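Here the structure comes first, spelled out in structure tokens, and everything after it is commentary.
The values are calculated or read from the model by the stated rules, or taken from the named source; none is laboratory data. It should be emphasised that the depicted structure is a prediction, and the values quoted were computed from it without experimental measurement. Quick reminder, even Gly has a Cβ in these numbers, built from the backbone with ideal geometry, and neighbours come from all protein chains shown. Surface areas here come from the heavy atoms of the whole protein model, side chains and all, with no ligands, DNA or RNA. Shrake-Rupley method; radii C 1.70, N 1.55, O 1.52, S 1.80 Å.
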Amino acid sequence: MFLMLCKKCFIQFSGSQQFRTLAAYSTTALDGNYAWVRQNKNPRLVLKKHAVPHLSNPHDVLIQVKAASVNPMDVRMIERYGETILSAYSKVKQLSQGPLSSCTANPLNETVSTSVLGRDFSGVVKSVGHLVTRFKPGDEVYGATDPAMEGSHSLYTVVPQHYISLKPGNLSHIESAALPYAALTFLSAVKMYTKCKGPITNQRVLVNGGAGGVGTFAIQYLKAMGCEVTVCVSETGYEVVKGLNPNYILDYKAKEFERELRQLAGFDVVFDLAGDETALKYVKPTGWFLAANSPLLKAADDWGLVCGSVQSSYMLTSKVTQALYNHGVHYSWIFFTPSAASLEEIKLLVEGNKIRPVIDETFAFDKMSEAYAKVGKMRGRGKVVVDMEKFGELCVD
């Protein structure tokens, strides 16, 4: 297996979300590790050669990445989205874990001005720390790093053992890489609902924005739990969602949308993945409205850690109060949370043919820029995945 590399080439990400490549000069054969890195000084994505990361924590696992997906979060992070909160979180994590934290000792993090993006992945375990008990070299695993860690858009990555699970045996690496980040984001919301309300089985549920990565997983999971599922999508997402067999599909751009939604009123829970709170008034009293559009990261970037956090807390308190006072509905934001237990639950559902990954398009490793460009358009249907073992000519900075 060989990778052709050409020097002095980079990919620019501008405010208009356009990429461009510069000229290629020379080629060499693949050796070692390569990673797509965000340069903090300028909003650009660059391919760099790095040493293979080492195990700096006894609970860490070194993984050879076979496939990884690109998420909207990755695209936004090129322009340093979330940097204020994520940097603070990383420092707190470093202090809590001591000097052996993989978040700080990873060789990929050569300087503070670089960061490897990418969250979810599927790959093969190459080595494990001496306190790792659940995995051994050769195991095929999948999982997702949290955004404060070095990411998965690298041929090798290091993660804590509690961030991964054995991948579903009936899926390829490409298929497995399409699941973790979206699925874990949704399951964090399910856990919140279950803790406060009880099991989500046999509930009447609305998924607003059902054609993306989180939405396509949510529909299948809820159907597997015996729920009556209503999905709001645009006309272009109809066919993708239809194949997942929800009970009702509504076109949110249609003239009769609100009338149809009103006829279905009385939802036990709404998962808002589109940032539209129209359905809030159609949740039954004591029901839940769970939104994935938290302004926390952006507010901290705009106003600083303290002021941004205070502003976000005020906003959440206001929304919680208004939802409860006006509609008798509980309101909360949802966030991605790494969880080996949730990954194992997903694995069982996939192997039981209850859930299948929905992949919009697969790109080769050397086409990473095109994968980012596609996700940046926010018109995807399912997930965009990168095959880390497929490549042609790559440009190296």
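Exactly one residue among LYS191, LYS223 is in contact with a Leu (Cβ under 9 Å, 6 or more places away or on another chain), open to solvent by 30 Å² or more (accessible area, probe 1.4 Å) and assigned to a helix (DSSP H, G or I), and that residue is LYS223. Within the range 114-139, the set of residues being surrounded by 18 or more Cβ atoms within 10 Å (Cβ to Cβ) and assigned to a strand (DSSP E or B) comprises THR114, SER115, VAL116, ASP120, PHE121, SER122, GLY123, VAL125, VAL128.
Screening THR286 against (1) within 30 Å of PRO147 (Cα to Cα); (2) touching a residue at least 24 places away in the same chain (Cβ under 8 Å); (3) surrounded by fewer than 21 Cβ atoms within 10 Å (Cβ to Cβ) leaves a single unmet condition, (1).
Please go through the range 305-321 and pick out each residue that is surrounded by 12 or more Cβ atoms within 10 Å (Cβ to Cβ) and aliphatic (A, V, I, L, M).
Listed by number, the residues that qualify are LEU305, VAL310, MET315, LEU316, VAL320.
Just one residue in the set LEU250, LEU206, LEU280 is more than 25 Å from ARG119 (Cβ to Cβ), aliphatic (A, V, I, L, M), touching a Cys at 6+ places or on another chain (Cβ under 6 Å) and not in a loop (DSSP other than H, G, I, E, B); that residue is LEU250.
If you take the residues in the range 144-171 that are among the small types (Gly, Ala, Ser) and within 16 Å of GLU351 (Cα to Cα), which one is least open to solvent (accessible area, probe 1.4 Å)? Once the filter is applied, the top-ranked residue is SER165. SER294 passes every criterion in (1) under 19 Å from MET378 (Cα atoms); (2) open to solvent by less than 30 Å² (accessible area, probe 1.4 Å); (3) modelled with pLDDT under 95; (4) touching a Leu at 6+ places or on another chain (Cβ under 7 Å) apart from (4). One residue stands out in the range 347-397 among those that are modelled with pLDDT under 90 and basic (Lys, Arg): the one that is nearest to VAL65 (Cα to Cα), namely LYS390.
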